[in-house]
Amino acid sequence: MEAAAKDRKDRLAALRKRKNPNSDSRSAPSEDDGSNGLVFRSYTPQDESLKDHVQPASYTDIKHTAESATKHIPTETLRDAAAKETDEVDLFNLAPKKANWDLRRDVEKKMQKLDRRTQRAILDIIRQRLAQGGNLADAVTQVEQSEQRLRDQDQDEE
């Protein structure tokens, strides 16, 4: 990191020397010429006293621009696109992981409605058995057992 800082200082000193060949790069700005060390390159000040410090940056001062840094990107992008076009298309990657995903999506709302109706029917059965004079715990266990038998039958059919 120190080496990078030293390199930057050297480059800045060389740039200052190139701009003002007769002044020393380490010397402070002299106060007898009215200079206060301000240099405006990309800003035009409104104050008249500061307008004589404007030194617009020239094209030769700018070495690294966004255009020069990104000049290679379009060619690399075109080369990568051409390489991808030559690759074969794998049909297994195009096919969905589950063949019936769209059917499940379409049936999901209907299944929710059926689940609500099923829960209501279970409650009605429990109420009927309680009205016949049965025990609440016995009625619930009977319904749970019948549901378990139905689930087992459904699993066997699949």
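Quick note: the coordinates plus some simple rules give every number you see, no bench work behind them. In this text, all values refer to a predicted model and were calculated from it rather than measured experimentally. All Cβ positions, even for glycine, are placed from backbone atoms using ideal geometry, and neighbour counts span all protein chains on display.
Miscellaneous remarks
- Extension gain, Ala3 to Gln142: 0.36 nm times the residue separation minus the Cα-Cα distance gives 41.7 nm.
- Neighbours of Ala137 by Cβ distance under 14 Å: Lys/Arg scored +1, Asp/Glu scored -1, total -1.
- Amide H contacts for Phe40 (H built 1.01 Å from N in the peptide plane; partners 5 or more residues away or on another chain; cut-off under 5 Å): Val54, Gln55.
- Note on Asp52 and Leu103: their simple-model spin labels are 8.9 nm apart, each label 7 Å out from Cα toward Cβ.
- Working note: Karplus 6.51/-1.76/1.60 with θ = phi - 60° gives the range 141-148 the couplings 5, 5, 5, 5, 5, 5, 5, 5 Hz, where Gly and Pro are set to x.
- Taken about its Cα centre, the range 98-157 carries a charge dipole of about 400 debye when Lys and Arg each add +1 at the Cβ and Asp and Glu each add -1 at the Cβ.
- Among the listed pairs Lys9/Lys63; Lys9/Lys71; Lys17/Lys63, a Cα-Cα separation exceeding 24 Å is found for Lys9/Lys71.
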